[in-house]
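Quick notes on the structure that follows.
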Amino acid sequence: MFSPRGLKLSEVKNETLAGFVVAVSMIPEAVGFSLVAGLSPIVGLHTAFIIGLVTALFGGKPGMVSGAAGSIVVVLMSLAAQHGMGYVLWATIFAGMIQILIGVFRLGKFIRLVPLPAVHGFVNGLAIVIMLAQLHMIAGQGPLMYGLVLLAILVVVLFPKLTKIIPASLAALIIVSAVAIGFNLHTLRVGDLADISGALPHFSLPVAPFNVEMLKVVLPYAVVIALVGLIESLLTMTVLDEMGNQKGNGNRESIAQGAGNAICGLFGCFAGCAMIGQSIINFTSGGRGRISGTVGAILLILFVVSLSGYIGLLPVAALAGIMLVVCYNTFEWSSLRRLRRMPKADVLVMLIVTVITIFTDLAVAVISGVIISALVFAWQQARIRIREHKTKGDLTVYKLDGPLFFGSAATFAELFNPENDPQNVVLDFAGTRVMDSSGVEAIDKLTARYLDAGKTIRLRHLSNDCVSLLKKAGPFCSHELDDPQYYVAEDNL
């Protein structure tokens, strides 16, 4: 909740103005995403209000803005078309419950498993997606639209050089709106997209029956919605953490997102999540606390209930220009400058995540990036070698180096040739850690090869846990005073 201690008047002013800009900027996207899903525009606006308010008050990252997001709408489109709004509401409720459980069981920390190249790919992909959405909105509207968009961009870029009392995005909205309304220019307005007038959301249970057939249809969608929403929200939090050097709480954000979505489902709205574009607008406009998000959500619903006629007069060009600057600032240009110096595997991950984010699904993109990064890491770590090899008479001592696990087991077997070794062989594992049951099995197989060749073998510096798992090699392990202590991951543990 709010922490008013230490708040300055200037900070409250910046938070309030940032909230106003956020509220206005969310209208065309909420309307647009609703139409894409084949739903009423008022549904998307109610979604933006409810989840925006809940996460602003209780979320894990003050200043992060949530609303009706395109990544979730893409998942809901087929469900809405095939089964109707009732199923969409049930999917939203179940998705919220799943997100709450993820937060309660503190699973939000697994966002740390997403590598930095995948984060950059996610950010770059979403920046391109948002940019394409703006270009689609203004395409074919003529020179007047393009001129107003250019004016908005120039104001956002140049206004901070004059003063920072008013956020540049708000200044662009005021100036371009004044020009369009004052000169009665015939340009696309917010009201032309759809009628945004309406009432407050009201409680109503989904009309679809609660039965086994409904659950079979809804639950897979709910899981995907929950994961997509959390991935986008937690990655957006990561971006804001880097911008503000202040870490958010992923588990708390998961619970807040889940509560917001569950409430959305009970009030006739579809699911939402964090919106990176609006979050960065809020951040760059001075919205770093909970006031801006709360003000934005409240103003949004006030616009819908009381001021829809005035908001409908605002030119789409102003909002498109602001969002295009946000896209430019969101894109990780530094990642392109580092392409030549980055490892090829990191470049591949970033490009794959970017492309998949643009053309398919965010969850698929991020999961693909994580899998590829994990495989590359396993390949790079699968390097076990003989660090030192000493032979004296009929005794040979091999000192090993590197992890022994499923990825390096084959290489480990190829390091030795029992037929060519002397009668007595010692394998020193002081520089090696046996990671899993594949490594244990590899030691057993190598021991069997030496025994079949009529050689004597002794194994040094294996952990007690590893020795207890060995079947054939166990009796040939020597116990040293400085044996390592670690545990081997087994399939049945």
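The values are calculated or read from the model by the stated rules, or taken from the named source; none is laboratory data. Keep in mind it's a predicted model, so treat the numbers as computed, not measured. Using ideal geometry, Cβ is built from the backbone for each residue, glycine included, and neighbour counts are taken over all protein chains shown. Please note that ligands, DNA and RNA were not included when accessible areas were found on the heavy atoms of the full protein model with its side chains. Shrake-Rupley method; radii C 1.70, N 1.55, O 1.52, S 1.80 Å.
Cα convex hull of region 355-493: how many Å³ per residue? Show your work: numbers first, answer last.
Numbers: hull volume 18.3 nm³, N = 139.
About 132 Å³ per residue, rounded to a whole number.
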Expressed in nanometres to one decimal, the distance between label points 7 Å along Cα→Cβ at residue 379 and residue 183 is 5.7
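Rounded to the nearest 0.05, what FRET efficiency do residue 10 and residue 247 have when you use their Cβ-Cβ distance and R0 = 22 Å?
Details: r = 25 Å, r/R0 = 1.13.
FRET efficiency, residue 10 to residue 247: 0.35.
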I'd like the carbon and sulfur percentage of the solvent accessible area for the chain, probe radius 1.4 Å, heavy atoms only, ligands and nucleic acids excluded. 65
Per residue solvent-accessible surface (Å²) - the chain, probe of 1.4 Å: 47
Between region 182-200 and region 336-371, what is the C-alpha centre distance in whole Å? 38
Express the Stokes-Einstein translational diffusion coefficient of region 301-383 in µm² s⁻¹, to the nearest whole number, given a Kirkwood radius over alpha-carbon pairs, 25 °C and a viscosity of 0.890 mPa s. 151
If the label point is 7 Å along Cα→Cβ of residue 451, which residues in region 461-476 have backbone nitrogen under 13 Å from it? 470-476
Spacing of the two label points (7 Å from each Cα toward its C-beta) at residue 213 and residue 444, in nm: 5.2
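Any chance you could list the semi-axes, whole Å, largest first, of the equivalent ellipsoid that the Cα gyration tensor gives for region 212-342, using √(5λ)?
They are 27, 25, 16 Å, listed largest first.
With the Cα gyration tensor of the chain in hand, convert its eigenvalues to equivalent ellipsoid semi-axes via √(5λ) and list them largest first in whole Å.
Numbers: eigenvalues 650, 126, 77 Å².
Computed over the chain, the values are 57, 25, 20 Å.
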Determine the distance separating the Cα centre of region 118-147 from the Cα centre of region 264-280; give it in Å without decimals. 20
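Between residue 106 and residue 489, what's the calculated FRET efficiency when r is the beta-carbon distance and R0 is 25 Å? Round to 0.05. Could the numbers behind the result be given before it?
Numbers: r = 21 Å, r/R0 = 0.86.
Efficiency for this residue pair is about 0.70.
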Rank by packing, highest mean first: peptides 25-31, 167-173, 147-153, with packing defined as the count of other Cβ atoms within 10 Å averaged across residues. 25-31, 167-173, 147-153
Using a 4.7 Å cut-off between beta carbons, which cysteines in the chain end up with no partner cysteine at all? 273, 327, 466, 477
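Can you give me the span-like helices of the chain, meaning DSSP H runs with 18 Å or more of Cα extent along the axis and Kyte-Doolittle mean at or above 1.6?
Span-like helices, by this rule, are 41-58, 85-104, 116-138, 143-162, 168-182, 290-305, 316-330, 344-359, 362-381.
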Excluding residues fewer than 8 positions from residue 216 in its own chain, the lysines with Cα under 23 Å of it are none
Suppose we take every Cα in region 6-102 and form the convex hull; what volume per residue is that in Å³? 98
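Full-extension gain between residue 116 and residue 388, please, as 0.36 nm times their residue separation minus the C-alpha to C-alpha distance. Show your work: numbers first, answer last.
On the way: separation 272, 0.36 × 272 = 97.92 nm, distance 3.62 nm.
Length gained between residue 116 and residue 388: 94.3 nm.
Looking at this model, which pairs from 390/471; 390/455; 8/161 are more than 21 angstrom apart at the alpha-carbon?
On the way: 390/471 27 Å; 390/455 17 Å; 8/161 23 Å.
In this structure, 390/471; 8/161 exceed 21 Å between Cα atoms.
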Using only the Cα atoms of region 124-281, what are the Rg and Dmax in Å? 20.3, 62
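For a Förster distance of 30 Å, can you work out the FRET efficiency between the beta-carbons of residue 395 and residue 464, rounded to the nearest 0.05?
Numbers: r = 26 Å, r/R0 = 0.86.
The formula returns an efficiency of 0.70 here.
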